[in-house]
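Step one of this worksheet: look at the structure below.
Values quoted throughout were computed directly from the atomic coordinates according to the rules given, and no laboratory measurement underlies them. Nothing here was measured: the structure is a model prediction, and the numbers come from that model. Ideal geometry is used to build each Cβ from the backbone, glycine not excepted, and the neighbour counts take in all protein chains shown.
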Amino acid sequence: MNTIAALGWELRRILLTRTYLYSLLLIMLLSQNFLGRLIIEGIYGAAPYSQVSYAHFLTMMNAMLLTVLMLWCAGVFSEKERAVRRIVLSTPLASAGYLGLKTAAIAAAFLLTAGLMVAGSFVFYVRQFGFYAFHEFLNPLAVFVLPSAIFILGLSLAAGQLQARLPYGLIPVVFFLGVVNLKNLPQWLDLSGNGYMFHYPTILMRTLGTGEMVYYLTTNFITTRVALVVVGLALLLWAARRRCQ
């Protein structure tokens, strides 16, 4: 079995399940609910189709997206997967290659799921406002979705290599951080970016001295997003080099 075929097989194992379909349905319904109930009026006085409002929408969806991502990663270390791994690793495929294959499939499934959610939001903007300038949302997507996803992917797989049930223990923590805005929470713990957007007017006033709702990212926040990517990739590398448990 070549790499492409193996990747396709792993991806189908994720996508062609009731669990995935239910998760996708929940994400799509939740995203449309947020858009129609909270974002449609705009955030902090900004237009609903502004970068500020869309960034806020993404931070609200991150908790659910990251939870689903962690569940997929936790499944890599289940008893069923261990049985499959023993069979697969009896072939020339190395342990690191096996984990790399699983990681690629999970990453592809996440991008597909997030992509469908984003496509649904675009349909909402077209129908409600006749808005088509979706290129303006590329920056919020790159800043508020990808860094946290890369970090959680690395963290979950590294945790699973240490102890098979550990990723499940981390899920409530990540979900809690994504839905609760704790006062004075360090930005490196603000995985979903919800804390940043919750205090956004205050941040603008302190850094720019204005209450106008322009899209602005502080240097400190950008640094934390870069750090999440670097740490996430480092954890992925460590997990790949560690012998599968």
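Using only Cα atoms, what is the ratio of the radius of gyration of the stretch 1-49 to 2.2 N^0.38 Å?
Rounded to two decimals, the normalised Rg is 1.85.
Counting other Cβ atoms within 10 Å, which trypsin sites (Lys or Arg not before Pro) in the stretch 99-191 have at most 16 and lie in a DSSP loop? Kindly include the intermediate steps, with their values, before the conclusion.
Numbers: sites: LYS102, ARG127, ARG165, LYS183; in loops: ARG165, LYS183.
Filter output for the stretch 99-191: ARG165, LYS183.
Of the candidates GLY209, GLY154, GLY115, which one comes out as most mobile in a Gaussian network treatment of the chain with C-alpha springs shorter than 10 Å?
GLY209
With +1 on each Lys and Arg Cβ and -1 on each Asp and Glu Cβ, and nothing else charged, work out how big the dipole of the chain is about its Cα centre, in Debye to the nearest 20. Don't jump to the answer; show the numbers that get you there.
Values: 17 positive and 7 negative charges, 188 e Å.
Using only the charged Cβ atoms, the result is roughly 900 debye.
From the square roots a ≥ b ≥ c of the eigenvalues of the alpha-carbon gyration tensor of the stretch 166-245, which class results: rounded (a/c under 1.5), prolate (a/b over b/c), or oblate?
The shape class here is oblate.
When a footprinting reagent is the concern and you count Cβ atoms within 10 Å, what order do GLU10, GLU136 take, fewest first?
GLU136, GLU10
Tell me the angle of helix 79-88 to the major Cα principal axis of the chain, expressed in degrees between 0 and 90 and rounded to the nearest ten.
For helix 79-88, the angle is close to 60 degrees.
Remind me, what semi-axes does the chain give for its equivalent ellipsoid, largest first in whole Å, using sqrt of 5 times each Cα gyration tensor eigenvalue?
35, 20, 14
Could you point to the residue in ILE106, TYR215, GLY42 farthest towards the positive end of the chain's charge dipole, with +1 and -1 charges on the Cβ of Lys/Arg and Asp/Glu respectively?
ILE106
Nearest 10 degrees is fine. How inclined is helix 146-162 to the longest principal axis of the chain, computing both from alpha carbons?
That helix lies at roughly 30 degrees to the long axis.
Compute the long axis of helix 95-129 from its Cα atoms, compare it with the longest principal axis of the Cα atoms of the chain, and write down the angle in degrees, 0 to 90, nearest 10.
Approximately 30 degrees, to the nearest ten.
Neighbour counts of other C-beta atoms within 10 Å: give me SER53, SER78 arranged from fewest to most.
Going from least to most buried by this count: SER78, SER53.
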